[in-house]
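The values are calculated or read from the model by the stated rules, or taken from the named source; none is laboratory data. Everything numeric here is computed off the predicted structure, so don't read it as measured data. Reconstructed Cβ throughout: ideal geometry from the backbone, glycine too, with neighbour counts over all protein chains shown. Side chains are part of the model used for accessible areas, which takes the heavy atoms of the whole protein and leaves out ligands, DNA and RNA. Shrake-Rupley method; radii C 1.70, N 1.55, O 1.52, S 1.80 Å.
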Amino acid sequence: VQLQAYGGGLVQAGGFLRLSCAGSGGTFGTFSSYTMGWFRQAPGKAREWVATIRLSGTYYADSVKGRFTISRDNAKNTVYLQMNSLNSEDAAVYYCAAGQRSSMLAVPSTYDYWGQGTQVTVSS
């Protein structure tokens, strides 16, 4: 299973970006059944959970709630992260991840597959 994340870039504080993560290969024919998550990692910091989408709904870290929206297009095997009102604390490498577990969604080890990461830079 391969995940390809893209859509990062440089944005001014207060701006927006939409990240995409396309899945392919393996058993991804049942993409809709996968738990899909976004994590981020800033330099010198641990990987931080951002959001997750699964059959039961969507879930967000408190730091992004109300600003970020996770969604998916199962026909395209793609999950999105719409990020609005970006600030300097959102700057990081963003990773998408896929798994089949239904609990501990904020824990990286819950996920079995990871994309390569896409850089988000926020300028003040």
Members of segment 94-105 that are open to solvent by less than 50 Å² (accessible area, probe 1.4 Å) and closer than 18 Å to SER33 by Cα: CYS96, ALA97, ALA98, GLY99, LEU105
Quick one: count up the residues across segment 60-102 that are farther than 15 Å from SER20 by Cα and of a type in the set (A, V, I, L, M). 5
How many residues of segment 71-93 are over 26 Å from SER123 (Cα atoms) and surrounded by 15 or more Cβ atoms within 10 Å (Cβ to Cβ)? The answer is 3
Can you name every residue in segment 47-70 that is out of contact with any helix residue (DSSP H, G or I) (no Cβ under 9 Å at 6 or more places or on another chain) and open to solvent by 60 Å² or more (accessible area, probe 1.4 Å)? GLU48, SER56, THR58, TYR59, ASP62, LYS65, GLY66, THR69
